[in-house]
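Written out below as structure tokens is the structure these notes cover.
The values are calculated or read from the model by the stated rules, or taken from the named source; none is laboratory data. Since the model is a prediction, treat every value here as computed from it, not as a measurement. Positions of Cβ are backbone-derived with ideal geometry, glycine not excepted, and every protein chain shown enters the neighbour counts. Side chains included, ligands, DNA and RNA excluded: accessible areas come from the protein's heavy atoms. Shrake-Rupley method; radii C 1.70, N 1.55, O 1.52, S 1.80 Å.
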Amino acid sequence: MNFMNSEPFLKELYEYAVKEGLLQEQLLNADNIENYIRTAVDAYQDYPLFTKLFDGKYDKSTMQRMVSVDFRGRLGKNAGIAGAGYESVLLVEPPLAKKTGMLQYIKVAKVSDFGLLFHRTTYRQEDYEKFASEKRQPYLDEKTWYVYVFATKKEAQGQGYGKQLMKILLSFADKMGYHICLETDLKKNVSLYEHFGFRLMDASVYKGTLEHYVMVYAGESE
């Protein structure tokens, strides 16, 4: 990867990640993006959001198509770091990114052959993203990175792969004076992120059924 061709914020994070021991091959790029996609799709089967979007039953094939379009649209816009075997992946948007959410990319893709479930799911995703965006927007500013994806393959969960990536991101934030914002739909994850130093900023419920939590890490920058 040529850091000189990266957006300045991404270059800054990538250079730090390499200093912390990640190989350039582990950083998100066109050659390894399929590994990122597979990890996210595998992990997403445990996310209440995607069960809800798919009529109560996770559809891996449709999710694969959605994530593929989404992640490819983010090359060069989002930073991505991964474990050595892609057991865990972390995608972050730099401060003041114009928009988050996969609909930004799916809507301009050629999806006419993706089927009815894909289109229904896309509509529901758009409604959810509007809700989530309103909840997180107060906490995004010129020094806050947003965690777009933090996912670990089901078989690798609980083995410290995600922890390694999160520690790199948070130490980067501490060194550079940044904040980190993320969301989770699982209440049990709140205490996990609090252990990393995140603070719960907003707790709400989407359409009466889906929990939604916004958390912010300020760390040593305050």
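Inspection of segment 72-85 identifies no residue that is exposed (fewer than 14 other Cβ atoms within 10 Å of the Cβ), modelled with pLDDT under 85 and among the small types (G, A, S). Residues that are among the hydrophobic types (A, V, I, L, M, F, W, C), in a helix (DSSP H, G or I) and either closer than 17 Å to Y161 by Cα or open to solvent by 10 Å² or more (accessible area, probe 1.4 Å) (or both) within segment 12-40 comprise A17, V18, I37, A40, listed in sequence order. Residues in segment 156-172 that are without any contact (Cβ under 8 Å) to a residue 60 or more places away in the chain and in a helix (DSSP H, G or I): K163, K167, L170. For segment 169-176, check the following and say yes or no: at least one residue is of a type in the set (A, V, I, L, M) and over 18 Å from the mean Cα position of the chain (by Cα). There is at least one residue in segment 169-176 that is of a type in the set (A, V, I, L, M) and over 18 Å from the mean Cα position of the chain (by Cα).
Residue by residue, here is whether (1) in contact with an Asp or Glu (Cβ under 9 Å, 6 or more places away or on another chain); (2) of a type in the set (D, E, K, R); (3) surrounded by fewer than 17 Cβ atoms within 10 Å (Cβ to Cβ) holds:
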site: A156; (1), (2), (3): yes, no, no
site: Q159; (1), (2), (3): yes, no, yes
site: G162; (1), (2), (3): yes, no, no
site: S171; (1), (2), (3): yes, no, yes
site: K175; (1), (2), (3): yes, yes, yes
site: L182; (1), (2), (3): no, no, no
site: L192; (1), (2), (3): no, no, yes
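Flag set for V205, criterion: without any contact (Cβ under 8 Å) to a residue 40 or more places away in the chain and loosely packed, with under 15 Cβ neighbours inside 10 Å.
Annotation note: Cβ proximity below 8 Å between a residue of segment 107-135 that is more than 16 Å from Y206 (Cα to Cα) and part of a loop (DSSP other than H, G, I, E, B) and a residue that is open to solvent by 80 Å² or more (accessible area, probe 1.4 Å) and modelled with pLDDT of 80 or more (sequence gap 6+ or interchain) occurs for V111/R65; F114/R65.
Annotation: of all residues in segment 41-67 being out of contact with any strand residue (DSSP E or B) (no Cβ under 9 Å at 6 or more places or on another chain) and assigned to a loop (DSSP other than H, G, I, E, B), the one that is least open to solvent (accessible area, probe 1.4 Å) is F54.
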